[in-house]
Structures are given as C-alpha cells and as structure tokens.
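The values are calculated or read from the model by the stated rules, or taken from the named source; none is laboratory data. Please read these numbers as outputs of a predicted model, since none were measured by experiment. Every residue, glycine as well, gets a Cβ built from its backbone with ideal geometry; the counts of neighbours run over all protein chains shown.
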Ligand SMILES: *[C@@H]1O[C@H](CO)[C@@H](O)[C@H](O)[C@H]1NC(C)=O
C-alpha cells in the first residue's frame, strides 16, 4: 500500500501557495455577479432575482489540504445556498461538499455536508455552527488523503470519511477534482424545507471569499513532486489522521452541533443503514 501511494505522490506536482483568485480560479457564470477584487485577494459572489453566480478552480487536485475563508450572506439569507465543494466529472464522479443553507435574520445557518464516491452520495450530515458565519470570515477546510476525507471548520474537525475500501466501500482516490463554488436561489427546499422563501427586497445577496490555500497535488502539472510535506513518512497532510484531541473535538461538535446524520436515519434506510455507518 505504502509503496503504491509513494508512486502516486511522485508522479504529481506540488503546489503549496497562498492563493490569488485571478491566478487560481475562473468565474464561470453569473454575468458579472462574481467579482475578483483587491488584486486577487478577495472574491465575491452575488445573487439577485435574475441569477446567482459561481467560480471554479483552474487546477484539478488529487489529494491535498485545501482551505478557504468564507463570509456568508448576512441578514435575511433564507432561501439562498452557498455551495463550496470539490468534484470530479461524469456519472461516476466523486464529490466532497460543503453547502451553507441560509436562514432568516437571527436564525442559524445549516452547514450541509456530503460525500459522493463513484457517483453515489446519500451521505448527508448537517451541522449548526458555533459562531455567526456572516459576521466574519471563517476557514472551511478539506483534508483529503488516501485514507481520510476530513471536513474542518476553523481547524476543528467536524466529519471524517474514512477509506473503508477493504469493506467494499468506494473511496475517492483516482479522480482529480476541481473546486467549485456558487451562490444560488434554492428557496424551493433550502430553508425549513422550502417553507421560507427568498426575500428579494433584500437582494442582492453577497458571499465573500479570501485566503485560499491549496497544499495539494495537481496531477496535470509537469513538475515532478506532489506537495512539500506529502511524502510518505512525513507528518504532513498526506499521512494525517485525527489524533485523540482531534477525535474528541469532532465528538464535541457532533454531540452539540450536528442536526442531521444519515447514519442515524433508520426511516430513510429501512433496508438497513449504509455499511460505513456500522463501521465508523
Ligand atoms: C433556520 O432556523 C430554524 C429555526 O431555528 C431551524 O429550524 C432551521 O433548521 C434553520 N435552518 C434552515 C436551513 O432552515
């Protein structure tokens, strides 16, 4: 196993830099509603009654530690969804999702997470946050190595999707993924299941992004190494998993802030919970 990972690592290219939105991303839709500002240090997405907006990374990544600071739509954001995710292409794609479901002023956002492997998702876990995500920027991270996909908020792990291929559960490890983000209207389902509609008198809605960092592998690049700390035997993200403290912090979040876990939804899976639920 280790040898195979090493070969993968050596055929990939390193990038470990503070991001610049001009260099690292393309605005993909929204007809001027997505803007790169401050010389590439800030990106804003807006949504109005006509349309939302979105961007995607130029690079595709295969493993890495990817951080983005996001400040969500403030005030009455009900009906809006800010999606921030990694995804590969095609019907058997892999995907690692953060989605922020807006809410009425003073009511909490829902952070929705999911993991797709080989085109199959249905692994939703939802959280409230322990801070107001609209007041300041907070760091949302994905640590993705051959053994774990760990979701983190301000460095606190909230979810750990483990590689359980030995038990027959697919794990994302062969398909490079791009980063995507979008702000859009989903008032048919997002807030209280679609009961609360977007208040267009409060438009335009804006979410902001800064401090993108990818210490990650870029398979398409010509350089000969993966990331600086991604070599086997090194203590960087390539081998990282939750230590005892990390596990305790994740338990704290899941005990106090998790509002939905597909692994406890017996009604939804009358035939039995997905296999990873009984192992994890
Ligand atoms: C919005 O706030 C209500 C009331 O606190 C809560 O029930 C709901 O889960 C919140 N989030 C969404 C996305 O509806």
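Answer with yes or no whether residue 119 is modelled with pLDDT under 95, on the phi > 0 side of the Ramachandran plot and more than 15 Å from the ligand (Cβ to nearest atom). Considered against the rule, which asks whether it is modelled with pLDDT under 95, on the phi > 0 side of the Ramachandran plot and more than 15 Å from the ligand (Cβ to nearest atom), residue 119 comes out as no. Looking across segment 61-75, the residues that are surrounded by 21 or more Cβ atoms within 10 Å (Cβ to Cβ) and assigned to a loop (DSSP other than H, G, I, E, B) come down to 62, 63, 72, 73. Filtering segment 85-95 to residues that are in contact with a strand residue (DSSP E or B) (Cβ under 8 Å, 6 or more places away or on another chain) and surrounded by fewer than 23 Cβ atoms within 10 Å (Cβ to Cβ) leaves 85, 87, 88, 93, 95.
Scanning segment 85-104 for residues that are in a loop (DSSP other than H, G, I, E, B) and within 12 Å of the ligand (Cβ to nearest atom) yields 102, 103, 104. Filtered by the rule that a residue be more than 20 Å from the chain's Cα centre (by Cα) and either in contact (Cβ under 8 Å) with a residue 24 or more places away in the chain or on the phi < 0 side of the Ramachandran plot (or both), segment 20-37 gives 22, 23, 30, 33, 35, 36, 37. Kindly establish whether residue 45 is outside any loop (DSSP other than H, G, I, E, B), away from the ligand (no atom under 16 Å from the Cβ), over 30 Å from residue 162 (Cβ atoms) and in contact (Cβ under 8 Å) with a residue 24 or more places away in the chain. So residue 45 fits the description; yes. Taken together, the criteria place residue 167 among residues that are touching a helix residue (DSSP H, G or I) at 6+ places or on another chain (Cβ under 7 Å), at pLDDT below 95 and more than 16 Å from the ligand (Cβ to nearest atom).
For residue 127, the conditions (1) more than 26 Å from residue 244 (Cβ to Cβ); (2) within 16 Å of the ligand (Cβ to nearest atom); (3) within 14 Å of the chain's Cα centre (by Cα) are fulfilled apart from (1).
Checking segment 67-84 against the condition returns no match, with no residue being under 28 Å from residue 217 (Cα atoms), more than 16 Å from the ligand (Cβ to nearest atom), over 16 Å from the mean Cα position of the chain (by Cα) and at pLDDT 95 or above. As an exercise: evaluate residue 160 against (1) away from the ligand (no atom under 15 Å from the Cβ); (2) surrounded by fewer than 17 Cβ atoms within 10 Å (Cβ to Cβ); (3) over 26 Å from residue 58 (Cα atoms) and give the number of the one condition it does not meet. Looking at each condition in turn, residue 160 falls short on (2).
Yes/no per residue for (1) within 16 Å of the ligand (Cβ to nearest atom); (2) more than 26 Å from residue 50 (Cβ to Cβ); (3) in contact (Cβ under 8 Å) with a residue 24 or more places away in the chain; (4) surrounded by fewer than 18 Cβ atoms within 10 Å (Cβ to Cβ):
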{"residue": "155", "(1), (2), (3), (4)": "no, yes, no, yes"}
{"residue": "182", "(1), (2), (3), (4)": "no, no, yes, no"}
{"residue": "190", "(1), (2), (3), (4)": "yes, no, yes, no"}
{"residue": "195", "(1), (2), (3), (4)": "yes, no, no, yes"}
